[in-house]
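The structure appears below as structure tokens.
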Amino acid sequence: MNIHEHQAKQILQEFGAPIAKGAAITAIEQAESAVAALPGPVWVVKSQIHAGGRGKGKFKELAADAKGGVRVSFSVDEALENIREMFGKTLVTKQTGSSGKTVNRIYVEDGADIDRELYLSILVDRETGKTSFVASTEGGMDIETVAHDTPELIHSIGITASAGCTDSDAEKLADRLQLDGTARTHGMALFKNLYNAFVAKDMSLLEINPLIITKSNDVQVLDAKVSFDGNALFRHPDIMALRDETEEDE
Ligand code: ADP
Ligand code: MG
């Protein structure tokens, strides 16, 4: 079972992960208050569909040269225009198939000052049942492409369940992602927080692409994809409620 980016970020924030300020809308009438809730000067308007590749996606109903499903906007008016243009339209991405997915929900968030885009995920190996982090300095593009072109830049770090994400695991991840200074300190705390969220919520996949290093050398979760083990959901009424809410708008 999958949830939307903004719902995933909400959960990760509860576990201490740094995310941008944002507001989600499920009806076009909510657009103005959502944009007004953020300070600017940059608003990023993000289609919420259960598929990645939104930034490079195309809307079926719009011209071929129209912008994609993630739009950086530099004024309130531009943000509103982007919301109106995307809302209710069909977004086709590498991951949706040719029929695409209808955008019934939009998330508006503060623009980040990006220095580097990294890749980080946590997953369970189906065969061994072991949990690993996967990390790469090559974030912001789809990981299949990185795996194909530069497999040596993808690193896997196994976690021992009884020990959890240790200092030594976090150090290794920070080395692989070439973190220093504040980004290293906050990154190491983030890895532990993400692992705690993964275990506590019975996630089967947690993918942060990109995890960014900001111009002020800090870390921020800029995109988040979370899948849950459906069999464990009876333990998580909060997530079941998200599922029920989400199914309504698809
Ligand atoms: P997707 O992976 O579905 O294309 P992302 O959330 O990863 O969607 O957004 C695509 C790209 O848009 C990111 O790699 C990043 O460069 C940019 N982006 C996304 N959110 C923000 C933000 N809040 N501030 C600045 N740039 C952003
Ligand atoms: Mg992404």
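The values are calculated or read from the model by the stated rules, or taken from the named source; none is laboratory data. Since this is a predicted model, take the numbers as computed values, not measurements. Here the Cβ positions follow ideal geometry from the backbone for every residue, glycine too, while neighbour counts run over all protein chains shown. Just the protein is used for accessible areas: all its heavy atoms, side chains included, with ligands, DNA and RNA removed. Shrake-Rupley method; radii C 1.70, N 1.55, O 1.52, S 1.80 Å.
Odds and ends about this structure:
- A simple rule links phi to the HN-Hα coupling: the Karplus curve 6.51 cos²θ - 1.76 cosθ + 1.60 with θ = phi - 60°, which for the range 174-180 gives 4, 5, 4, 8, 6, 9, 9 Hz, with x for Gly and Pro.
- Couplings 3J(HN,Hα) for the range 94-102, derived from phi with the Karplus relation 6.51 cos²θ - 1.76 cosθ + 1.60 (θ = phi - 60°), are 3, 9, 8, x, 6, 6, x, 9, 6 Hz, where x marks Gly and Pro.
- The spacing between the range 1-41 and the range 172-196, judged by their C-alpha centroids, is 24 Å.
- Computed 3J(HN,Hα) for the range 105-122, one whole-Hz value per residue from the Karplus formula 6.51 cos²θ - 1.76 cosθ + 1.60 where θ = phi - 60°, is 8, 10, 10, 10, 9, 4, x, 9, 8, 8, 9, 9, 10, 10, 10, 8, 9, 10, glycine and proline marked x.
- Solvent accessible area, Å² - F15, 1.4 Å probe, full protein context: 60 Å²
- Put I154, I208 in order of accessible area, highest first, and with a 1.4 Å probe you get I154, I208.
- C-alpha center-to-center spacing [the range 60-138, the range 211-246] in angstrom: 14 Å
- Based on alpha carbons, the Rg and Dmax found for the range 95-250 are 16.5, 45 Å.
- Only Lys, Arg, Asp and Glu carry charge here, each on its Cβ (+1 for the first two, -1 for the last two); on that basis the chain has a dipole of about 200 debye about its Cα centre.
- Relative contact order %, the range 109-165, counting alpha carbon pairs below 8 Å whose residues are six or more apart: 31 percent
- Loop-located GluC sites (Glu not before Pro) in the range 88-143 (DSSP state other than H, G, I, E, B) with a sparse environment of at most 12 neighbouring Cβ atoms within 10 Å: E127.
- Mean Cα-pair separation over length for the chain, i.e. relative contact order, pairs under 8 Å, 6 or more apart, %: 23 percent
- Among the lysines of the range 44-132, pairs at least eight places apart or on separate chains and with Cα atoms under 29 Å apart come to 23.
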